[in-house]
Amino acid sequence: MHAYRTHTCGQLRKSDVGATVRLSGWVNRRRDHGGLIFIDLRDHYGITQCVIEPDAPAFAVVDQLRSEWVVTFTGKVVHRLEGTANSDLPTGDVELRIETVAVQGRAQELPLPVFGDLDYPEETRLTYRFLDLRRERLHKNIMLRANIVTSLRRRMIEQGFTEFQTPILTASSPEGARDFLVPSRRYPGQFYALPQAPQQFKQLIMVAGFDRYFQIAPCFRDEDGRADRSPGEFYQLDLEMSFVTQDDVFNAVAPVLAGVFEEFANGKKVTPADQFPRIPYAEAMLKYGTDKPDLRNPIEIVDVSTVFGHADVEFKAFKNKIVRAIPAPGAGPQPRSFFDKLNEWARGEGAAGLGYIQFEDEGGTLVGKGPIAKFIPAAALAEMVKIAGVKAGDALFFSADAKADRAANLAGMARTRIGRELNLIPQDEFKFCWIVDFPMYEWNEEEKKIDFSHNPFSMPQYDREKFLSLNNTDAETILGLKAYQYDIVCNGYELSSGAIRNHDPDVMLKAFEIAGYTREETEQKFAGMLNAFRHGAPPHGGTAPGIDRIVMLLAGEENLREVTMFPMTQQAQDLLMNAPSPANQKQLKELHLRVIYPEK
RNA sequence: GGGGGCGUAGCUCAGUUGGUUAGAGUGACGGCCUGUCACGCCGUAGGUCGCGGGUUCGAGCCCCGUCGCUCCCGCCA
């Protein structure tokens with residue numbers, strides 16, 4: 001007989017009755033009846049009830065077992081007594097009658113109970129992650145993650161992609177997030193950088209002629225955490241394809257994502273792969289006030305600036321402003337506090353407030369109510385009703401600002417909030433869309449210069465010769481340029497970002513020049529890539545869905561830590577392994593480093 | 001870097017207007033119990049109320065500072 005087990009704890013059935021078996025696992029729970037002890041033994045596969053009576057030789061040892069001790073039981077599988085079967089357990093028809101016991105590992109009193117599904121403080125959960133991972137919720141999530149990754153790999157390989165590894169120690173690249181640096185021992189004062197993404201490598205793989213690449217790629221960015229953004233590191237399904245148009249990338253990626261969602265969504269509705277709406281960036285900003293709209297929310301924002309511009313509309317606060325209206329279907333009868341709360345929230349966000357009109361039916365005509373309704377004559381009101389598509393019983397909120405992006409932004413946040421408050425967001429759906437036609441550049445107000453608004457490696461949607469002859473006095477043209485740059489969004493989360501790449505060295509130099517990099521700087525920073533592009537580069541493009549967020553959505557979690565095996569805190573510390581930690585003098589010396597602590 | 005929330009027994013929490021010895025459940029320990037599966041019953045131990053300072057006759061509670069976790073803003077090509 002095997003030293004530890006003949007079966008797992010999820011395996012025994014009626015058909016095993018009579019067999020002598022051996023099980024190993026953790027003591028999930030013990031029920032001591034004095035004359036009779038039940039032990040629920042748990043392993044990765046399940047739970048089996050084990051039982052012992054006082055006259056058994058092993059009784060004295062079993063009597064001492066406590067929660068989370070690791071033990072091996074040997075004994076006979078028996079039917080449970082009439083009426084004592086447990087239909088909640090797959091093994092619930094039988095139990096193991098303990099004949100011998102071996103203690104493999106004792107456990108101290110637990111800082112975090114494994115049994116039960118209460119919530120515990122993050123600090124405890126992270127410090128004792130190995131205990132938390134034993135618990136059902138996390139154990140299940142991590143297995144889900146593994147299965148999703150396996151499915152993604154299979155789907156990619158079936159589509160003719162090949163998985164390649166790329167370096168972890170590489171060079172820092174300009175733009176983007178703060179890098180993690182690794183000091184070089186052999187080259188004093190020089191540093192490797194951990195890749196923010198294998199962006200340049202995957203493009204080089206295309207130049208090298210491998211045609212279709214993918215990788216479950218670790219990415220490192222020294223940025224602060226959020227619920228949907230781990231500090232430090234995360235994983236992407238990184239992919240790149242040669243000789244493709246934007247449509248080819250869409251047709252390759254959508255089935256993988258829709259497929260994996262259908263496979264793991266547990267019956268929730270998923271947008272079919274060939275039906276992801278394509279929403280231009282500008283339209284998304286107008287209708288949803290964000291470039292990552294939650295399409296489950298039926299509310300669509302409209303622009304009503306012109307209505308408030310009419311001479312007979314005397315609401316001064318909205319004059320000469322961009323005014324966006326957010327319809328709130330059915331919100332009309334809500335109590336005053338509903339509107340006050342939203343207004344308060346908007347002020348908290350730095351806005352002047354969130355004006356509103358409630359619509360009521362008065363003898364067959366639609367009339368506006370509320371603090372600002374009296375400033376709007378009937379004709380203007382009717383115009384607004386038509387634009388916004390509201391009816392009696394609805395309300396309309398207003399977000400106004402001199403700057404369009406700020407008005408859009410607040411409207412977007414209000415849309416989300418109103419949708420939630422009014423319960424307009426169905427919970428049993430995954431709604432995908434493509435956001436396309438991102439601007440190539442944006443104006444950096446702080447530094448008064450033109451910046452890349454997204455990935456600097458994207459191909460501009462513009463005639464090559466005209467692009468090369470642009471100069472910085474054409475600011476308006478430049479800021480109006482779109483790129484072959486696209487995102488995949490699902491339920492309000494940005495799942496993926498990608499582009500058709502710029503594989504033309506002259507266009508690339510020009511693109512960086514517009515963003516303020518001299519040709520020399522670009523030549524130096526991207527020597528490898530530019531050099532490669534000068535030796536026969538295929539047109540190529542790709543994208544990189546975030547694995548962590550995909551798993552989070554499919555697990556129904558709202559925090560990445562729930563789907564990450566060993567996460568860091570929001571302050572980027574690993575409480576289990578104690579990272580980061582100081583380097584010793586010898587290490588520092590080898591690396592030619594001296595630490596200068598910040599002044600307090 | 002900034003703003004909000006939280007911090008009381010191993011764990012989850014309660015704790016009134018500032019008022020005597022800070023409570024409950026659970027876990028731990030001991031006793032009883034032969035069919036439980038959140039077993040039950042009895043008992044015992046367990047507290048730097050995150051930490052430091054202040055106000056007060058008196059602080060878990062009020063004030064100031066600080067630390068930790070978290071959510072958000074900044075940041076995230």
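Only the coordinates and a few stated rules stand behind these numbers; no lab work does. Everything quoted here is computed from the prediction, not taken from an experiment. Note: ideal-geometry Cβ built from the backbone for every residue, glycine included; neighbour counts use all protein chains shown.
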Taking the dipole about the Cα centre of chain A, with the C-beta of Lys and Arg at +1 and of Asp and Glu at -1, give me whichever of A:Ala217, A:Gln587, A:Thr20 is farthest to the positive side.
-> A:Thr20
With Rg and the Kirkwood Rh both taken from Cα atoms, where does Rg over Rh land for chain A?
-> 1.06
For A:Ala19 and A:Arg534, calculate 0.36 nm times their separation in residues minus their Cα-Cα distance, and state this gained length in nm to one decimal.
-> 178.2 nm
Based solely on C-alpha atoms, express the radius of gyration and the Dmax of the stretch A:300-408 in angstrom.
-> 13.0, 40
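Shape of the stretch A:255-340 from its Cα gyration tensor (a ≥ b ≥ c, root eigenvalues): rounded if a/c is under 1.5, otherwise prolate when a/b > b/c, or oblate?
The shape class here is oblate.
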Efficiency by 1/(1 + (r/R0)^6): what FRET value for A:Ala311 and A:Arg464, r their Cβ-Cβ distance, R0 = 35 Å, to the nearest 0.05?
-> 0.15
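Please give the direction-averaged projected area of the C-alpha convex hull for the stretch A:1-152, in square nanometres with one decimal. Before the final figure, lay out the partial values.
Working: hull surface 43.2 nm².
Orientation-averaged projected area of the Cα hull: 10.8 nm².
Explain nothing, just the number: relative contact order of the stretch A:476-600, from Cα pairs under 8 Å at least 6 residues apart, as a whole percent. Intermediate values should be presented prior to the final figure.
Numbers: 94 pairs, mean separation 23.0, N = 125.
This gives 18 percent for the stretch A:476-600.
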Using Cα-only point scatterers and the Debye equation, what is log10 of I(q)/I(0) for the stretch A:448-600 at each q in 0.12, 0.14, 0.19 Å⁻¹, rounded to two decimals?
-> -0.84, -0.95, -1.06
Using r as the Cβ-Cβ distance of A:Glu447 and A:Asp55, and R0 as 56 Å, what FRET efficiency do you calculate, to the nearest 0.05?
-> 0.10
Between the DSSP loop rule and a limit of at most 16 other Cβ atoms within 10 Å, which GluC sites (Glu not before Pro) in the stretch A:437-481 are left?
-> A:Glu445, A:Glu446, A:Glu447
Please tell me the relative contact order of the stretch A:94-187 in percent, rounded to the nearest whole number, where contacts are Cα pairs under 8 Å and at least six residues apart.
-> 14
Gain in length, A:Arg229 to A:Gln427, computed as 0.36 nm per residue apart minus the alpha-carbon separation, to one decimal in nm?
-> 69.1 nm
Does the stretch A:122-230 come out rounded, prolate or oblate, given a ≥ b ≥ c as the square roots of the eigenvalues of its C-alpha gyration tensor, rounded meaning a/c under 1.5 and, failing that, prolate meaning a/b above b/c?
-> oblate
Sticking with the crude label model, points 7 Å out along Cα→Cβ, report the distance from A:Lys369 to A:Asn471 in nm, one decimal please.
-> 6.3
Highest to lowest packing among A:574-586, A:402-414, scored as the average C-beta count within 10 Å = A:402-414, A:574-586
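Taking a ≥ b ≥ c as the square roots of the eigenvalues of the Cα gyration tensor of the stretch A:449-534, is the shape rounded (a/c under 1.5), prolate (a/b larger than b/c) or oblate?
Working: a/c = 1.92, a/b = 1.35, b/c = 1.43.
It comes out oblate by the Cα gyration axes.
For the stretch A:75-143, run through the GluC sites (Glu not before Pro) and keep only the ones in DSSP coil with at most 13 other Cβ atoms within 10 Å of their Cβ. Each step should come with its number before you reach the end.
On the way: sites: A:Glu82, A:Glu95, A:Glu99, A:Glu109, A:Glu122, A:Glu123, A:Glu136; in loops: A:Glu82, A:Glu109.
Here the sparse-neighbourhood loop sites are A:Glu82, A:Glu109.
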Counting residues in the stretch A:239-390 as N, plug N into 2.2 N^0.38 Å and put the Cα Rg over that result.
-> 1.39
Find the lysine pairs in the stretch A:334-425 meeting two conditions, Cα atoms under 25 Å apart and a separation of 8 or more places or different chains, and report how many there are.
-> 9
What is the spin-label model distance, in nm, from A:Tyr597 to A:Glu99 if the labels are put 7 Å beyond Cα along the C-beta direction?
-> 6.4
By how many nm would the segment from A:Glu263 to A:Asp119 grow when fully extended, if each residue of separation counts as 0.36 nm and the alpha-carbon distance is taken off?
-> 49.0 nm
Return the distance in nm (one decimal) between the two label points of a simple spin-label model at A:Asn86 and A:Leu181, each offset 7 Å from Cα along Cα→Cβ.
-> 5.7
